[in-house]
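Structure record follows, encoded as structure tokens.
The values are calculated or read from the model by the stated rules, or taken from the named source; none is laboratory data. This structure is a prediction, so every number in the text was calculated from the model and none was measured. Every residue, glycine among them, receives a Cβ derived from its backbone with ideal geometry; neighbour counts consider all protein chains shown.
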Amino acid sequence: MRQIGVLGGTFDPVHYGHLAIAEEARVQLGLDEVLFVPADKPYFKLDWKITPARHRLAMLRLAIQDNPYFKVSTIETDRPGVSYTVDTLQELRHQYGGEVEIYFILGWDAVDDFPNWHEPGRIVELAHLVAAARPGYHPDFSGLEAAIPQAAGQIIPLELPVLGVSSTEIRRRVRQGQSIRYLVPEAVERYIKEKRLYR
């Protein structure tokens, strides 16, 4: 059975933290591929100013070009309206057919808020949850499992190397004229400079 990882987000911009999470999930879970799924209009960021999807997609493609296991999906940027994870997972199940196991990768900070997501019970019916945790941290899923009984036995902790980098910090550094070298792939850094993003 084919096993795919799904890593969603705004990727504004993509950085080495995103890439490390995807690679660790691929290796630790034995995934056949990892899909990066940039959101068009995340429902929890409707008031945020987000870089146009064409730029975020271009940066993602540059960032993953040397990894044959990574792919970019435009499933959310092609779909009109607000992006909901449950809709994306249902569409991916339809695209890949029945012979697929989906592993939805999310940061540990997002796990705490997961019960407030749109149709969280349906999400855990469609995919295993992979919770990216910091090294040495042993998360307690009992609260989440109590709120969403379908989540019991569906959550997989993923231990990651420490990478203190965020898209928010990268945008701030660009605005202030600071270096982002070694925080994003070189091709992404060049793209940001050429397109004068985040200034």
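Data overview
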item: Some residue of region 10-20 being buried (at least 19 other Cβ atoms within 10 Å of the Cβ), assigned to a helix (DSSP H, G or I), in contact with a Leu (Cβ under 6 Å, 6 or more places away or on another chain) and at pLDDT below 95; result: yes
item: D66 being farther than 24 Å from Y191 by Cβ, acidic (D, E) and surrounded by fewer than 17 Cβ atoms within 10 Å (Cβ to Cβ); result: no
item: Any hit, region 33-51, residues being within 22 Å of Y198 (Cα to Cα), under 14 Å from the mean Cα position of the chain (by Cα), among the aliphatic types (A, V, I, L, M) and not in a loop (DSSP other than H, G, I, E, B); result: yes
item: Scan of region 62-91 for residues that are more than 24 Å from E101 (Cα to Cα) and assigned to a helix (DSSP H, G or I), ordered by number; result: L62, A63
item: Single condition L158 does not satisfy, out of (1) within 30 Å of P120 (Cα to Cα); (2) surrounded by 13 or more Cβ atoms within 10 Å (Cβ to Cβ); (3) out of contact with any helix residue (DSSP H, G or I) (no Cβ under 9 Å at 6 or more places or on another chain); result: (3)
item: Among the residues listed as R181, R122, R199, the single one being at pLDDT 90 or above, over 16 Å from the mean Cα position of the chain (by Cα) and closer than 17 Å to L60 by Cα; result: R181
item: Any pair with Cβ under 8 angstrom, 6 or more apart, that starts in region 159-176 at a residue that is under 14 Å from Y198 (Cα atoms) and ends at one that is of a type in the set (V, I, T) and part of a helix (DSSP H, G or I); result: V174/I192
item: Neighbours by Cβ (under 6 Å, 6+ apart or cross-chain): first from region 49-60, in contact (Cβ under 8 Å) with a residue 24 or more places away in the chain and crowded, with 19+ Cβ neighbours inside 10 Å; second β-branched (V, I, T) and assigned to a helix (DSSP H, G or I); result: M59/V188
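For every residue, the table says whether it meets (1) in a helix (DSSP H, G or I); (2) surrounded by 13 or more Cβ atoms within 10 Å (Cβ to Cβ); (3) without any contact (Cβ under 8 Å) to a residue 60 or more places away in the chain.
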| site | (1), (2), (3) |
| --- | --- |
| I102 | no, yes, no |
| V111 | yes, yes, yes |
| V124 | yes, yes, yes |
| L129 | no, yes, yes |
| A132 | no, yes, no |
| P139 | no, yes, yes |
| A146 | yes, no, yes |
